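K.L.:
Next up is a structure, given as structure tokens.
The values are calculated or read from the model by the stated rules, or taken from the named source; none is laboratory data. Here the structure is a predicted model, which means the values were calculated and not measured. Backbone-built Cβ (ideal geometry, glycine too); neighbour counts: all protein chains shown. Calculation scope for accessible area: heavy atoms of the full protein, side chains included, ligands and nucleic acids excluded. Shrake-Rupley method; radii C 1.70, N 1.55, O 1.52, S 1.80 Å.
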Amino acid sequence: MKSKKWIAMLLAGGQGSRLGELTTGLAKPAVPFGGKYRIIDFPLSNCTHSGIDTVGVLTQYQPLVLNHYVGNGRPWDLDRNFGGVSVLPPYQGKDGGEWYAGTANAVYQNIQYIDHYDPEYVLVLSGDHIYKMDYSRMLKYHVEKKAQATIAVIEVPWSEASRFGLMNTDEEDKISEFEEKPAKPKSNLASMGVYLFDWKLLKQYLIEDELDAFSTKDFGKDIIPKILGDGKSLYAYRFEGYWKDVGTVESLWGAHMDLLDDVPGFDLNDPHWKFYAGNANHAPQYISAEANITQSLVNEGCIVHGTINHSILSYNVHVGKNTIIKDSVIMPNVKIGNNVTINNAIIASDICIEDYAEIGSTSPAAEITVIGDAENISYVATNEKSRIK
Amino acid sequence: MDNVIGVINLVNEKQYLKELTSHRCLSAVPFGGRYRLIDFTMSNFVHADITKVAVFTKEKYRSIMDHLGSGKEWDLDRRNGGLFILPPTHPDELIKGDLQQFHDHIEFFNRSPEDTVVISPGHHVCKMDFQEIVDHHKDSCADITVVYKDFDGESVDKPIYHKYSIQNDGRVKNIELYTSPEQGDSVGLETFVIKKDLLIEIIKTCCENGEYDFLKDGVKANLHHLKVNSYHYKGYFPFIHSISSYYKSNMEFLNPELAQTFFYDTWDIYTKIKHEAPVKYSITSKVTNSLVANGCDIEGTVENSIIFRGVKIRKGAVVKNSIIMQKGEIHEGTYLENVITDKQVNITSEQVVIGDSIPRIVKKADVV
């Protein structure tokens, strides 16, 4: 019987309700990012580069786009004879079936899938973070520390610490306490939502947690505190590098803006750590004689006649003449007419914006304007939020 | 399209493009920012639902094999059919002609259940609708259909094109091999539709008689007892037979109407996927009237140019009327005008490289 050293379980079922209109028709991990990618490309590419060749993708909310996108895993080199990527939606068994009731329950319902690969370790990932991480270093740390579970953590500014799940650790980085969004943080080590478990231990806790009627069946709220409470060997693995939760409109916009720095904290174009993406065939971008593009990322398939400053254009975005786009994120297949102004906005896929529209505000205090996912809705100059047609 | 095999015939390729073809075959020459010449024929076949494609290679085919891989990008990694790369089988001997190589791989044709074969070279930049051509062939009950175009290219220094005399009913009356055509002459595009059984018969008979050229010995010699019909191709098609015509046909894609109709309004042109990030423009970049492919990092000025995947143009560098192929790096303060740089070229800082009406070529991986 063949077995795997480790496999990953990627939690991709969340709705991402804080992204509002951007996740009306698709799950959060399928939200486009960086002009070319979807959020799920980051954990999947990280898996490939870390030597993980078996990934279960747990889907539930609006899975159509995600199912189609992940497919047989070929773009990430995850089309394998034994292993590879598997999309794992909730299913019915002999005794009926049910929806995934929480992150832990989602993995619990797929114990059979994991046991099929008989892994020593299971890495649990979430599908809403932008980062570049070599998980194999975390595994090495886990083995060296003789840990039974390891949680990846990142130092966050003390001023923001109370927004995160925080790990209090001893001098060996052994975790002594876990606090979810405490008012008075004792630590600034925030959980990145990346957990590595000995599979035997995790399986036992998943089964026990399932029997606990009071459990919310969540890794952070239930499984980790229980493991900790039982005095198991639980370590924090300190990650240094760029990591961003893109669960809100502001953070999604901010993560995009981070890509535009002269020396970006996060380099999409590292030849040794490429991020893979599906649907990648488009014509080269055409930049016209009137165009002016600075400090921006522009993908293939774009036709640009206007001025683009500090913004991101995804594939197949067409920008008309005298149009000015600043500090904005334009998602795929958006057609923008002439004399349009867009500031501090995110325009979702497949939107068509008519001539003379004015979208967003230049005021630094203003919120990010989101023009949501809908086809052929036109926005006009007088009122950025009014829809005609 | 059921029942049709696509053959991409690289055996008759000439080294028209000097330095650009000194280490790769013509079909593997980069074009249009992110393509290789063979991508156009491959994509046209796939668009016509021709799902069995054989590429007959002659020489310097490492880059073409690397490029085509399993055929996945063209949807040609198939259980049935798919992509076949058929190289020469006698590496020590000079190939006598395309029919010889077809003969060496006659099993490929014998084993294929399809009844019709479309033959095309691998270096044409066009959107040719093979469905329409095969329909035309079948409707006219022709034995062989040849595709031609009215010559509108640059004049040639050597007689390299084949001229067809076409009757009013479309039948081919005569073929003049190796001519220097005038504007408007009917020039053959080395593209044919033929019944598979007839092709096999021609391959066998000719090779037995020591004749090895499909056009000369298979088509021209049979004009009188076979029905050889013609298809008049009228779409966009640059005649590429010199560095200057190669350069001009690339630059034509800076015309937004052509780029729009060619790349966006009809079917897609597929190519090998490289997983490059979107193009990064910095605060100092100034790009106008150019085609740019992914993976580029542009800090300098780019005007009327074609920039392939993974090119870096550093601060203060100026690239004008030039073609910069994959992974080129143009350093600070350097000025390029009318230049074609092959792949992986490194132009160090503060250099001035200027071509004239015939662009200057910087060879693959050169450092200037």
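K.L.:
More than 20 angstrom separation, counting every C-alpha pair in segment B:56-206; what % is that? Intermediate results must be reported in sequence, preceding the final value.
P.N.:
Values: 6836 of 11325 pairs.
Here the tail beyond 20 Å accounts for 60 percent of pairs.
K.L.:
To continue, here is another question. Roughly what percent of Cα-Cα pairs across segment A:1-109 reach past 24 Å?
P.N.:
Numbers: 1501 of 5886 pairs.
Counting every Cα pair in segment A:1-109, those more than 24 Å apart make up 26 percent.
K.L.:
What's the center-to-center distance, using Cα atoms, between segment B:45-106 and segment A:209-281 in Å?
P.N.:
45
K.L.:
Given A:GLY220, B:VAL7, A:PRO185, which one lies farthest toward the positive end of the charge dipole of the protein assembly as shown, if we put +1 on the Cβ of every Lys and Arg and -1 on the Cβ of every Asp and Glu?
P.N.:
B:VAL7
K.L.:
Please give the calculated 222 nm ellipticity per residue for chain B, where each DSSP H segment of at least 4 residues contributes -39500 (n - 2.57) and the sum is spread over every residue; nearest 500 deg cm²/dmol? Walk me through the intermediate numbers first.
P.N.:
On the way: 8 runs with 66 residues, N = 368.
Per the formula, -5000 deg cm²/dmol.
K.L.:
Also: Could you derive backbone 3J(HN,Hα) for segment A:291-300 from the dihedral phi with the Karplus parameters 6.51, -1.76 and 1.60 (θ = phi - 60°), listing whole Hz in sequence and x where the residue is Gly or Pro?
P.N.:
6, 8, 10, 9, 6, 9, 10, 10, 8, 5
K.L.:
Then there's this: Run the quick spin-label model on B:GLU93 and A:SER17: label points 7 Å from Cα toward the beta carbon, then report their separation in nm to one decimal.
P.N.:
About 7.6 nm separates the two model spin labels.
K.L.:
Highest GNM mean-square fluctuation, chain A, Cα pairs closer than 10 Å: which of A:ALA147, A:ALA283, A:ALA106?
P.N.:
Of A:ALA147, A:ALA283, A:ALA106, the most mobile in the Gaussian network model is A:ALA283.
K.L.:
Can you tally the net charge around A:ASP170? Count Lys and Arg as +1, Asp and Glu as -1, for every other residue whose Cβ sits under 14 Å from the Cβ of A:ASP170. Mind showing how you got there, number by number?
P.N.:
Details: positive: A:LYS145, A:LYS174, A:LYS186, A:ARG238; negative: A:GLU171, A:GLU172, A:ASP173, A:GLU177.
Combined, the nearby Lys, Arg, Asp and Glu give 0.
K.L.:
Over chain B, calculate the relative contact order: mean separation of alpha carbon pairs under 8 Å at least 6 apart, over the residue count, as a percent.
P.N.:
Values: 835 pairs, mean separation 53.5, N = 368.
With pairs under 8 Å counted, the relative contact order is 15 percent.
K.L.:
Can you give the Rg/Rh ratio of chain A, where Rg is from the C-alpha atoms and Rh is the Kirkwood radius? Each step should come with its number before you reach the end.
P.N.:
Numbers: Rg = 22.0 Å, Rh = 22.1 Å.
Ratio of gyration radius to Kirkwood radius for chain A: 1.00.
K.L.:
Binning at 10 angstrom from zero up to the longest distance, how are the C-alpha pair distances of segment B:4-265 distributed in percent?
P.N.:
Bins of 10 Å from zero give 7, 31, 40, 21, 2, 0 percent of pairs.
K.L.:
Please give the average number of partner chain Cβ atoms lying within 10 Å of the Cβ of each residue in A:290-298, rounded to a whole number.
P.N.:
Shielding by partners across A:290-298 averages 6.
K.L.:
Over what distance in Å are the Cα centres of segment B:228-297 and segment A:34-70 separated?
P.N.:
Rounded to whole Å, the Cα centres lie 31 Å apart.
K.L.:
Report ³J(HN,Hα) in whole Hz for each residue of segment B:191-205, in order, from the Karplus equation J = 6.51 cos²θ - 1.76 cosθ + 1.60 where θ = phi - 60°; Gly and Pro get x.
P.N.:
Going residue by residue, I get 10, 9, 10, 8, 5, 4, 4, 5, 4, 4, 5, 4, 4, 5, 4 Hz, with x marking Gly and Pro.
K.L.:
Add +1 for every Lys or Arg and -1 for every Asp or Glu among the other residues with Cβ under 15 Å from the Cβ of B:SER230, and state the total.
P.N.:
Computed value for this residue: -1.
K.L.:
A further question follows. Quote the FRET efficiency, to the nearest 0.05, computed for B:GLU107 versus B:ILE166 with a Förster distance R0 of 45 Å and r equal to the Cβ-Cβ distance. Can you show the working numbers first?
P.N.:
On the way: r = 35 Å, r/R0 = 0.78.
E(calc), rounded to 0.05, equals 0.80.
K.L.:
Can you give me the solvent accessible area of A:CYS352 with a 1.4 Å probe, rounded to the nearest 10 Å²?
P.N.:
Spelled out: A:CYS352, probe radius 1.4 Å, area about 50 Å².
K.L.:
Could you list the square roots of 5 times each eigenvalue of the Cα gyration tensor of the protein assembly as shown, that is, the equivalent ellipsoid semi-axes, sorted largest first and rounded to whole Å? List each step's numbers first, then the result.
P.N.:
Details: eigenvalues 570, 202, 111 Å².
That gives 53, 32, 24 Å for the three semi-axes.
K.L.:
Hey, can you grab everything whose amide H is under 5 Å from the amide H of A:LEU88? Only 5+ residues off in sequence or another chain; H modelled, so Pro and N-termini drop out.
P.N.:
It is A:VAL57, A:LEU58, A:THR59, by chain and number.
K.L.:
Could you state, as a whole-number percent, how many of the C-alpha pairs of segment A:68-162 are farther apart than 21 Å? Mind showing how you got there, number by number?
P.N.:
Values: 2364 of 4465 pairs.
Roughly 53 percent, rounded to a whole number.
K.L.:
Taking 20 °C and 1.002 mPa s as the conditions, I'd like the Stokes-Einstein D for segment B:280-362 in µm²/s, using the Kirkwood hydrodynamic radius from alpha carbon pairs. List each step's numbers first, then the result.
P.N.:
Working: Rh = 11.9 Å.
The estimated diffusion coefficient comes to 180 µm²/s.
K.L.:
How compact and how long is segment A:286-381, expressed as Rg and Dmax of its alpha-carbon atoms in Å?
P.N.:
11.7, 35
K.L.:
Oh, and also: For the pair B:ASP268/A:GLU208, report the inter-label distance in nm, with labels modelled 7 Å from Cα in the Cβ direction.
P.N.:
5.0
K.L.:
May I pose another question? Among residues other than B:GLN344 whose Cβ falls under 9 Å from its Cβ, what is the net charge (Lys/Arg +1, Asp/Glu -1)?
P.N.:
Details: positive: B:LYS327, B:LYS343, B:LYS364; negative: B:GLU329, B:ASP342, B:ASP366.
For residues surrounding B:GLN344, the net value is 0.
K.L.:
Taking springs between alpha-carbon atoms closer than 10 angstrom, which of B:TYR212, B:TYR233, B:TYR264 fluctuates most in the Gaussian network model of chain B?
P.N.:
Result for chain B, Cα springs under 10 Å: B:TYR264 fluctuates most.
K.L.:
Over chain A, with the other protein chains present, what is the accessible area per residue in square angstrom, probe 1.4 angstrom? Mind dumping the intermediate values first?
P.N.:
Working: 15960 Å² over 389 residues.
Heavy-atom accessible area per residue stands at 41 Å².
K.L.:
Given the options B:ILE175, B:LEU291, B:THR145, identify the residue whose Cα lies farthest towards the positive end of the charge dipole of chain B (+1 on Cβ of Lys, Arg; -1 on Cβ of Asp, Glu).
P.N.:
So the residue we want is B:LEU291.
K.L.:
Taking a probe of 1.4 angstrom, what is the accessible area of A:ARG38 in Å², to the nearest 10?
P.N.:
Accessible surface of A:ARG38 is approximately 40 Å².
K.L.:
I need to check one value: relative contact order of segment B:1-107, counting alpha carbon pairs closer than 8 Å and at least 6 residues apart, in percent.
P.N.:
Numbers: 143 pairs, mean separation 31.0, N = 107.
RCO, segment B:1-107: 29 percent.
K.L.:
Angle between the Cα long axis of helix A:199-211 and the longest principal axis of chain A, 0 to 90 degrees, nearest 10?
P.N.:
In chain A, helix A:199-211 runs at an angle near 90 degrees to the longest axis.
K.L.:
Moving on to the next point. Between B:LYS127, B:LYS158, B:LYS227, find the one with the highest GNM mean-square fluctuation for chain B; connect C-alpha pairs within less than 10 Å.
P.N.:
Among B:LYS127, B:LYS158, B:LYS227, the largest mean-square fluctuation in the Gaussian network model of chain B belongs to B:LYS158.
K.L.:
So how far apart, in nm, are the two label points at B:HIS23 and A:SER363 if each is 7 Å from Cα heading toward Cβ?
P.N.:
Going from the B:HIS23 label point to the A:SER363 one covers 6.0 nm.
K.L.:
Going through the cross-link list B:LYS274/B:LYS343; A:LYS132/A:LYS244; B:LYS280/B:LYS315; B:LYS52/B:LYS196; A:LYS36/B:LYS127; B:LYS14/B:LYS343, which pairs have a Cα-Cα distance over 18 Å in this structure? Write down the numbers at each step before the final one.
P.N.:
On the way: B:LYS274/B:LYS343 15 Å; A:LYS132/A:LYS244 10 Å; B:LYS280/B:LYS315 13 Å; B:LYS52/B:LYS196 13 Å; A:LYS36/B:LYS127 27 Å; B:LYS14/B:LYS343 21 Å.
In this structure, A:LYS36/B:LYS127; B:LYS14/B:LYS343 lie more than 18 Å apart at Cα.
K.L.:
Can you run phi through the Karplus equation (6.51, -1.76, 1.60; θ = phi - 60°) for segment A:221-228 and list ³J(HN,Hα) in whole Hz, with x for Gly and Pro?
P.N.:
Once θ is set to phi - 60°, the couplings for segment A:221-228 become 8, 10, 5, 4, x, 5, 4, 5 Hz.
K.L.:
If you don't mind, another one. Give me the number: length gained by fully extending A:ASP115 to A:GLU240, i.e. 0.36 nm times residue separation minus the C-alpha to C-alpha distance, one decimal in nm.
P.N.:
On the way: separation 125, 0.36 × 125 = 45.00 nm, distance 3.23 nm.
Once the chain is fully extended between A:ASP115 and A:GLU240, it gains 41.8 nm.
K.L.:
Continuing with this model, one more query. So if I place +1 on the C-beta of Lys and Arg and -1 on the C-beta of Asp and Glu, and nothing else carries charge, what would the dipole magnitude of the protein assembly as shown be about its Cα centre? I want it in debye, nearest 20.
P.N.:
Values: 78 positive and 101 negative charges, 123 e Å.
Computed about the Cα centre, the dipole is about 600 debye.
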